[in-house]
């Protein structure tokens, strides 16, 4: 019992800390979108971080997961850590050096030929972030959640604080307010400020882990390295496929949207800012994922496991559809999260919420290949989703502009969900109530359409519209209560008695 209790406690700490880190990072959006005058600058930042996400997969090449796998079954975890960390240290230096050497042609490749310094800065950010991944993994393996959380918060709070430092002069309209410490704000350097803040946070986090690295030392055991590489290298494909669904939309919009580089960057800036409004669905899905995976594995040995999985899927769908309605029916309110200059793309938010909803559905549907050790299907399904995202986004850009990015993401996650369900029902059939889930989804979409295409045009008073939208949300909640939630509450009360 004590082991289970310890596991639950550590899982909660890791989960809550991850959500807290995400919230703090998202807290930059209201500040940056109000300070950054040019939408194109925010777009450039978003595009650069999209490339960072891809390069993170290359720099790590599955080594973190491979370290977990081999260190967990080793009597000498320090030995595995030394080889994994030393290998990653060497490869990171090589990769980062190459990026810096070829910074000019790479800057031209991503349409910013006059700014090779962008490539240099984000190369260093990736490098220092990569160098701390194995040490962070070791903290988790050693059961040190509080130290893990502290270092994570150190990183994100440093980044947040330095962003405030660099952007405060613009926000308060006093570029010389920090002149006494040698800093004068220049609006044309805003991208550099954001990257510099991130780099400083990454370097500080790396320095915290230096003592751990020095205590362990450096050295590579070739037989062990072969095992680590053999296990981890296939995960590169899965990692790439996953990143495609997350960030390829911004890269493709940057490549295929019509207009000058600055005009395209401005559109992507608006798109990326509006993405921040979907944080509520994103956090709900990620929190569910962190809590559900250990729960699902624990339930797998129970005789009614499949029924439990089906029930979780149903109630998850209800909960996230409520989030969809709350945000979509109150976009004027939630739009205040971002600056006024970026609200022109707010119409894409409901589509992004649907995409995250489908991602959550996929997390539910993916349990079959995890509990049956058929994880090879994860690669096939992820590649299918990536293919769907890329093709659909490419085809839709000429017709839907930035909305194509959101629609492509819907296609990607939707295709993954369908594929996982079809294959999973043949190998490990779970009695999902798809008819009821589809019913709730259709009702939620109809309520959204009623509000957006009817009530908005009939009601001029914003307060009356707010109460009417609240009434629609209550109607959906009452409907789900009558059909399902009431049954769940009765079961819960019966068990507690």
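Please treat every number below as a calculation from the coordinates, not as lab data. Everything numeric here is computed off the predicted structure, so don't read it as measured data. Note that we place each Cβ from the backbone using ideal geometry, even for glycine, and neighbour counts take in every protein chain shown.
With viscosity 1.567 mPa s and temperature 4 °C, the Kirkwood radius over alpha carbon pairs of segment 259-497 converts through Stokes-Einstein to a diffusion coefficient of 67 µm²/s. Rg ratio for segment 1-233: its Cα radius of gyration over 2.2 N^0.38 Å, N being its residue count, equals 1.13.
A protection proxy built from the mean count of other Cβ atoms within 10 Å ranks the segments 222-232, 128-138, most packed first, as 128-138, 222-232. By the count of neighbouring beta-carbon atoms within 10 Å, fewest first, 304, 249 end up ordered 304, 249. Peptides 143-149, 326-332 ordered by packing proxy, namely the average of other Cβ atoms within 10 Å per residue, highest first: 326-332, 143-149.
The protection proxy used here, the mean number of other Cβ atoms lying within 10 Å of each residue, ranks peptides 461-471, 347-357 as follows, highest first: 347-357, 461-471.
Over segment 1-233, Cα pairs under 8 Å with separation of 6+ residues give a relative contact order of 31 percent. Averaging the sequence gap over all C-alpha pairs within less than 8 Å and six or more residues apart, then dividing by the number of residues, gives segment 150-277 a relative contact order of 20 percent. The Cα-based radius of gyration of the chain, divided by its Kirkwood radius, gives an Rg/Rh of 0.97.
Here, segment 24-127 has an Rg and a Dmax of 17.6, 56 Å when only alpha carbons are counted. A viscosity of 1.567 mPa s and a temperature of 4 °C, combined with the Kirkwood radius over Cα pairs in Stokes-Einstein, give a translational diffusion coefficient for segment 262-404 of 76 µm²/s. Reported to the nearest whole Å, the Cα centre-to-centre distance from segment 411-462 to segment 347-361 is 10. Among 435, 298, a tally of other beta-carbon atoms within 10 Å of each Cβ gives an order, fewest to most, of 435, 298.
This ranking places 173, 456 by how few other beta-carbon atoms lie within 10 Å of each, fewest first, which gives 173, 456.
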